[in-house]
1. Mind checking which residues of the stretch 211-240 are more than 14 Å from the chain's Cα centre (by Cα) and of a type in the set (A, V, I, L, M, F, W, C)?
2. Let me confirm something: among Glu85, Glu25, Glu48, which residue is surrounded by 15 or more Cβ atoms within 10 Å (Cβ to Cβ) and without any contact (Cβ under 8 Å) to a residue 40 or more places away in the chain?
3. Would you tally the residues in the stretch 173-204 being farther than 16 Å from Phe89 by Cα and within 18 Å of the chain's Cα centre (by Cα)?
4. How about the stretch 94-109: which of its residues are surrounded by fewer than 23 Cβ atoms within 10 Å (Cβ to Cβ) and in a helix (DSSP H, G or I)?
5. Looking only at the stretch 230-245, filter to residues that are surrounded by 20 or more Cβ atoms within 10 Å (Cβ to Cβ) and in contact with a helix residue (DSSP H, G or I) (Cβ under 8 Å, 6 or more places away or on another chain); which one of those is farthest from Met203 (Cα to Cα)?
6. When you scan the stretch 125-144, do you find a residue that is within 23 Å of Ala222 (Cβ to Cβ) and among the basic types (Lys, Arg), even just one?
7. Determine whether Thr186 is in contact with a helix residue (DSSP H, G or I) (Cβ under 9 Å, 6 or more places away or on another chain), at pLDDT 95 or above, of a type in the set (Val, Ile, Thr) and surrounded by 20 or more Cβ atoms within 10 Å (Cβ to Cβ).
8. Counting only residues that are modelled with pLDDT of 95 or more and either of a type in the set (Val, Ile, Thr) or part of a helix (DSSP H, G or I) (or both), which one in the stretch 246-262 is surrounded by the most Cβ atoms within 10 Å (Cβ to Cβ)?
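The values are calculated or read from the model by the stated rules, or taken from the named source; none is laboratory data. Worth saying up front: this structure is predicted, and the values here are computed from it rather than measured. Ideal geometry is used to build each Cβ from the backbone, glycine not excepted, and the neighbour counts take in all protein chains shown.
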Amino acid sequence: MLKEFISEKQRHAFFHSLSPDERIEAFRDILKESHYTVFLGGAGVSTESGIPDFRSKDGLYHKTEKRFQRYKPEYLLSYDCLRNEPQVFFDYYRKNLDARAAEPNTAHRILAKWENTGLIKGVITQNIDGLHQKAGSANVQEIHGTTLRNHCVSCRRAYPQDFIFDSREIIPGCPVCGSMVRPDVTLYGEFLPEEAYQNAISMIREAECLIIGGTSLEVGSASGLAHTYHGKYMIIINKGKTKMEGKADLVFHDSIGKILEAADRMI
């Protein structure tokens with residue numbers, strides 16, 4: 001189905017004229033043609049595993065319990081809250097960000113399969129739940145950090161995922177030095193993890209195809225990464241509208257698991 005085009009405008013016109021089934025076929029053909037495909041994902045990838053996103057009408061910020069309602073949602077996951085009101089921070093964190101019981105969904109599993117078979121080079125994720133790794137993905141750049149790891153703020157000793165969630169202390173303390181142990185999650189007011197973000201930039205700059213899934217690109221970190229992409233093909237999969245759709249070759253307003261599974265069946 002793929003062919004040479006004399007301009008980006010002609011290429012977009014061709015892809016946008018395709019029927020739904022033809023767009024899935026085109027997705028498959030792009031995957032097979034591209035030598036370097038990267039997936040950039042957001043909260044919509046994990047909602048199908050039962051993990052709520054943040055800003056939608058059913059998201060975490062719209063279902064705040066009474067004891068947290070006097071706080072702005074962003075404050076509860078901010079460095080200022082961790083520093084100034086750690087009891088509030090850890091109470092909210094334990095209640096809302098414990099994803100240990102969640103299981104990878106279709107999208108996670110297919111992306112892991114595609115990485116294993118060489119169809120994609122890796123995943124860049126805004127999610128902190130570790131489900132891509134749980135599904136078997138190896139090259140995962142977590143640009144907002146992760147709940148899988150914790151560390152002591154003083155001696156920097158590392159602690160596993162269970163440490164904070166299972167601690168009986170309101171403010172979990174380091175058994176070695178007694179200082180606070182915090183999650184390796186990038187909080188509001190903090191810089192992004194440098195190594196993961198630089199790795200993500202390198203991947204996107206090298207990519208021939210960028211698949212953007214489960215994100216509206218409203219968050220600056222993901223939007224900034226997407227704008228560094230200058231490869232050949234862009235594919236967007238998101239139930240709602242996503243910024244940069246005008247630059248995409250294929251746009252699917254549907255479940256990310258459904259679209260990936262349909263493409264996978266054709267490979």
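1. The answer is Met234, Ile235.
2. None of the others qualify; the one that does is Glu85.
3. 14
4. Arg94, Lys95, Asn96, Thr106, Arg109, listed by residue number.
5. Of everything passing the filter in the stretch 230-245, Asn238 is farthest from Met203 (Cα to Cα).
6. Scanning the stretch 125-144, I find at least one residue that is within 23 Å of Ala222 (Cβ to Cβ) and among the basic types (Lys, Arg), so the answer is yes.
7. For Thr186, the condition - in contact with a helix residue (DSSP H, G or I) (Cβ under 9 Å, 6 or more places away or on another chain), at pLDDT 95 or above, of a type in the set (Val, Ile, Thr) and surrounded by 20 or more Cβ atoms within 10 Å (Cβ to Cβ) - is met.
8. Ile256
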